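Engineer: Dropping the structure in here first, questions after.
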Amino acid sequence: MLITEMKVGETLRSLIQGKVFTIICHGCREVRFPEQEVNAFVRELAAEGIVTGTITTDYICNPDFLQMRLKGRMAEIEDADTILVFSCGVGVQTVSSYLEDKRVIAGCDTYALPGYQGVTPLEHDCDQCGQCYLNLTGGICPLTACSKSLINGQCGGAKNGKCEVDSNMDCGWERIYRRLEKIGRLDVLKCPVQLRNYATDDEVSR
Amino acid sequence: MRITELFDNGEFVVTAEVGPPKGICVDHVVEEAKSYLSGITAVNVTDNQSSVMRMGSLPACIALKNAGLTPILQLTCRDRNRIALQSELLGAAMLGIDNILCLTGDHTKMGDHPGAKPVFDLDSVSLLHTVKQLESGVDLAGNPLVGEAPKFAKGAVVSPCSDSIDAQLAKMERKVMAGCDYFQTQAVFEPEKFIKFMEAAKQFGKPVQLGVIIPKSVGMCKFMNNNVAGVHVPDDMLEELRADKEKTKAGITGVEIAARIIKECKPYCQGVHIMALGWESKVPALLEKAGI
């Protein structure tokens with residue numbers, strides 16, 4: 001099981017640039033999704049006239065399925081400057097790798113719950129850390145793409161773009177840097193120092 | 001003495017490094033350092049280098065300090081969480097260690113305990129941030145420290161000959177933002193790359209020490225070329241080492257190469273950091289040849 005929680009509206013607004021295309025994924029049966037909150041937020045944005053289109057679907061973590069769902073909506077996507085995705089971390093990563101040169105923003109944080117993890121295809125991995133970093137890393141998860149799960153940039157261990165631990169694995173931060181470069185967002189590397197919060201249990205983190 | 005004071009005075013700062021032993025007798029390390037490294041400014045003491053378990057950096061620092069040398073405590077984030085790291089820093093300050101080098105650290109899988117848990121609760125950037133926080137009199141959680149706050153010369157590393165210079169510069173900038181006072185670099189064998197890097201790194205206004213390894217043999221260089229990130233020994237240097245086997249074995253060729261690199265890079269940096277890797281005895285000759 002996992003729980004997705006919408007990030008604070010203000011945070012999301014600060015990340016939205018220009019027009020927005022929103023993707024809402026109700027996910028698999030194993031996900032608890034903040035449906036009402038998300039719908040209200042998207043309605044707010046729509047009322048301001050900045051939404052080029054919205055799709056509500058499920059299983060966007062499946063790349064083929066995602067592609068099929070987005071196919072008829074590419075004009076609206078092209079028209080948007082920001083793609084706002086409300087889903088678990090796997091969904092956001094699938095969208096950001098498909099729409100490589102778009103600014104893809106994660107609208108939710110994903111928390112783990114014990115139990116059956118569902119049928120999520122593991123082409124992308126979400127650590128369900130509850131403090132989604134995808135908005136600082138161009139939609140590539142630093143926790144799962146970096147063997148040290150570093151959140152403040154690459155270590156000195158990459159050789160020819162490969163990880164020191166596994167020479168078959170691309171350096172996650174090298175990928176993040178290139179992606180940020182591609183979408184013109186290298187400025188996020190100047191963000192404040194990031195610290196993991198391992199106490200994401202509801203009662204501790206609030 | 002914090003080495004930042006020397007940088008501030010415009011001095012060219014020379015440091016070297018030693019590794020604590022895998023055992024409890026530190027005499028050999030101290031003797032070597034006393035014999036060959038007492039003329040230089042400070043000596044880094046590695047923290048379970050390459051993830052190989054050894055005596056801790058802090059006790060070995062104290063042994064060097066008692067012998068009259070100025071140690072630089074290397075701290076990695078591989079083996080300790082934020083509580084242990086802060087605790088270690090307070091202990092170091094109490095013992096009069098005021099020079100540190102903050103590193104993320106190699107992965108545990110690289111070393112002799114590959115099954116160990118890699119911690120990486122913090123990383124080089126957040127560790128620098130943590131130190132700065134302690135210096136302001138509060139810990140990372142915002143709790144006040146009792147009494148005087150510690151004060152360190154906070155160093156970090158950067159890899160100027162890496163294949164992704166732009167990403168390295170971005171990380172360097174994050175370290176500067178987090179409070180880094182000075183940098184030591186990965187070993188440089190390509191002065192032209194280093195000089196180019198320094199032109200870009202100048203903007204940060206922080207002193208940078210050129211990293212130097214004395215090349216011991218062709219085999220060692222080939223190993224570094226294949227395995228060590230950010231290090232590339234060019235072919236002409238390999239040829240030079242190949243030319244006269246006896247001279248290379250005696251360390252003369254290696255010292256010549258390293259001295260040449262230092263001379264070429266000296267106008268562009270604020271110091272040199274020598275990683276002798278067991279050839280501590282060659283350090284005095286190297287410095288003399290490099291004109292330092």
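Engineer: Under a straight-distance cross-link criterion of Cα-Cα below 12 Å, which aspartates and glutamates are reachable from residue B:175, leaving out those fewer than 8 residues away in the same chain?
Structural biologist: Filter leaves B:123.
Engineer: Restricting to the protein assembly as shown, what percent of DSSP beta bridges are antiparallel, rounded to 5? Don't jump to the answer; show the numbers that get you there.
Structural biologist: Details: 9 of 57 bridges.
Around 15 percent of the beta bridges assigned by DSSP in the protein assembly as shown are antiparallel ones.
Engineer: Further question on the same structure: So, with +1 on the Cβ of K and R and -1 on the Cβ of D and E, and no other charges, what is the size of the charge dipole of chain B about its Cα centre, to the nearest 20 debye?
Structural biologist: Values: 31 positive and 35 negative charges, 49 e Å.
The dipole magnitude comes to about 240 debye.
Engineer: At 0.36 nm per residue, and after removing the present C-alpha to C-alpha distance, how many nm does the segment from residue A:50 to residue A:186 gain when stretched out fully?
Structural biologist: Length gained between residue A:50 and residue A:186: 46.5 nm.
Engineer: So, with a 1.4 angstrom probe, what is the percent of accessible area on region B:3-289 that is carbon and sulfur? Intermediate values should be presented prior to the final figure.
Structural biologist: Numbers: 6140 of 11700 Å².
Whole-percent figure for carbon plus sulfur exposure: 53.
Engineer: In a GNM of chain A with a 10 Å cut-off on Cα contacts, which of A:11, A:110, A:144 has the highest mean-square fluctuation?
Structural biologist: Of A:11, A:110, A:144, the Gaussian network model singles out A:11 as fluctuating most.
Engineer: Angle between the Cα long axis of helix A:35-47 and the longest principal axis of chain A, 0 to 90 degrees, nearest 10?
Structural biologist: So the helix axis and the longest Cα principal axis differ by about 70 degrees.
Engineer: Let me ask something else about it. May I ask you to derive the relative contact order of chain A, considering only C-alpha pairs under 8 Å and at least 6 residues apart, and to give it as an integer percent?
Structural biologist: Details: 361 pairs, mean separation 41.5, N = 206.
Answer for chain A is 20 percent.
Engineer: Antiparallel versus total DSSP beta bridges in region B:3-289: what percent is that, nearest 5?
Structural biologist: Details: 1 of 32 bridges.
Expressed as a percentage, antiparallel bridges in region B:3-289 total about 5.
Engineer: Cut-off under 17 Å on the C-alpha distance; same-chain residues fewer than 8 positions from residue A:159 excluded. Which aspartates and glutamates are left, in chain and number order?
Structural biologist: Result set, ordered by chain and number: A:170, A:174, B:106, B:163, B:166, B:190.
Engineer: Find the accessible area per residue for the protein assembly as shown; the probe is 1.4 Å, ligands and nucleic acids are left out, and the unit is Å². Before the final figure, lay out the partial values.
Structural biologist: Values: 21450 Å² over 498 residues.
Value returned for the protein assembly as shown: 43 Å² of accessible area per residue.
Engineer: Which residues of region B:127-176 show a drop of at least 30 Å² in accessible area when all protein chains are present, compared with their chain alone (probe radius 1.4 Å, heavy atoms only, ligands and nucleic acids excluded)?
Structural biologist: Residues passing the criterion (a loss of at least 30 Å², heavy atoms only) are B:129, B:163, B:164, B:166, B:167, B:168, B:170, B:171, B:173, B:174.
Engineer: For helix B:27-37, report the angle its Cα long axis makes with the longest principal axis of the Cα atoms of chain B; keep it between 0 and 90° and round to the nearest 10°.
Structural biologist: 60
Engineer: Same structure, new question: To check you understand DSSP bridge types, tell me what percent of the beta bridges within chain A (both residues inside) are antiparallel, rounded to 5. Mind dumping the intermediate values first?
Structural biologist: Values: 8 of 25 bridges.
So the antiparallel bridges amount to about 30 percent of the total.
Engineer: Label-point separation (nm) for residue B:243 and residue B:90, each offset 7 Å from Cα along Cα-to-Cβ?
Structural biologist: 5.8
Engineer: Let me ask you something else. Take chain A, connect every pair of alpha-carbon atoms lying under 10 Å apart with a spring to form a Gaussian network, then pick out the residue of A:97, A:149, A:14 with the largest mean-square fluctuation.
Structural biologist: Answer for the Gaussian network model of chain A: A:14.
Engineer: On a 0 to 90° scale, report how tilted helix B:165-178 is relative to the longest principal axis of chain B, with both axes built from alpha carbons and the result rounded to the nearest 10.
Structural biologist: Value to nearest ten degrees: 30.
Engineer: Turning to a different aspect of this structure: Taking the Cβ of residue A:41 as the centre, find all other residues whose Cβ is under 14 Å away and add up their charges (Lys, Arg: +1; Asp, Glu: -1). Don't skip to the end; give the middle numbers.
Structural biologist: On the way: positive: A:7, A:13, A:43; negative: A:5, A:10, A:35, A:37, A:44, A:48.
Spelling it out: positives minus negatives among the neighbours equals -3.
Engineer: Further question on the same structure: Go through A:148/B:132; B:193/B:247; B:109/B:266 and tell me which ones have a Cα-Cα distance over 31 Å in this structure.
Structural biologist: Details: A:148/B:132 23 Å; B:193/B:247 28 Å; B:109/B:266 36 Å.
Correct reply: B:109/B:266.
Engineer: Here's something else I'd like to know. Within region B:62-103, what residues put their amide N at less than 20 Å from the label point 7 Å along the Cα-to-Cβ vector of residue B:149?
Structural biologist: Output list for this probe position: B:82-102.
Engineer: Considering protein heavy atoms only and a 1.4 Å probe radius, which residues within region A:174-193 exhibit an accessible-area decrease of no less than 50 Å² in the full assembly relative to the chain by itself?
Structural biologist: By number: A:177, A:189, A:190, A:193.
Engineer: Buried accessible area between B and A (1.4 Å probe, both chains summed, ligands and nucleic acids excluded), in Å² to the nearest 100? Write out the running numbers ahead of the final one.
Structural biologist: Numbers: alone 13190 and 10700 Å², together 21450 Å².
That pair of chains buries around 2400 Å² in total.
Engineer: Assuming R0 = 51 Å, can you tell me the calculated FRET efficiency for the pair residue B:202 and residue A:1, based on Cβ-Cβ distance, to the nearest 0.05? Numbers along the way, then the final one.
Structural biologist: Values: r = 52 Å, r/R0 = 1.03.
The calculated FRET efficiency here is 0.45.
Engineer: Let me ask you something else. If you stretched the chain out fully between residue A:162 and residue A:40, how much longer would it get, using 0.36 nm times the residue separation minus the C-alpha to C-alpha distance? Could you put the intermediate results ahead of the total?
Structural biologist: Numbers: separation 122, 0.36 × 122 = 43.92 nm, distance 4.33 nm.
Extra length available between residue A:162 and residue A:40 comes to 39.6 nm.
Engineer: For region B:43-90 and region B:227-273, what is the separation of their Cα centres, given in Å?
Structural biologist: Here the answer is 28 Å between Cα centres.
Engineer: Further, regarding this structure: Return the single residue from A:133, A:111, A:98 with maximal mean-square fluctuation; model: Gaussian network over chain A, springs between Cα atoms under 10 Å.
Structural biologist: In this elastic network of chain A, the residue with the biggest mean-square fluctuation among A:133, A:111, A:98 is A:98.
Engineer: Per 0.36 nm of contour for each residue apart, how much would the distance between residue B:9 and residue B:281 grow if the chain were fully extended, relative to their Cα-Cα spacing?
Structural biologist: Values: separation 272, 0.36 × 272 = 97.92 nm, distance 2.88 nm.
Separation in residues times 0.36 nm, less the Cα-Cα distance, equals 95.0 nm.
Engineer: Put simply, what bits of region B:213-231 lose 30 Å² or more of accessible area when the other protein chains are there, versus the chain on its own (1.4 Å probe)?
Structural biologist: Buried on complex formation: B:229.
Engineer: Could you please state how large a percent of the accessible area of region A:2-205 is carbon and sulfur, counting protein chains only and using a 1.4 Å probe?
Structural biologist: Values: 4420 of 9210 Å².
For region A:2-205, the apolar C and S fraction of the accessible surface comes to 48 percent.
Engineer: So, one more: Tell me the relative contact order for region B:3-289 as a rounded percent, counting alpha carbon contacts under 8 Å between residues six or more apart.
Structural biologist: Values: 535 pairs, mean separation 52.4, N = 287.
Worked out over region B:3-289, it gives 18 percent.
The values are calculated or read from the model by the stated rules, or taken from the named source; none is laboratory data. A quick note: this is a predicted structure, and the numbers were derived from the prediction, not measured. Glycine also receives a Cβ, built like all others from the backbone with ideal geometry; neighbour counts cover every protein chain displayed. Calculation scope for accessible area: heavy atoms of the full protein, side chains included, ligands and nucleic acids excluded. Shrake-Rupley method; radii C 1.70, N 1.55, O 1.52, S 1.80 Å.
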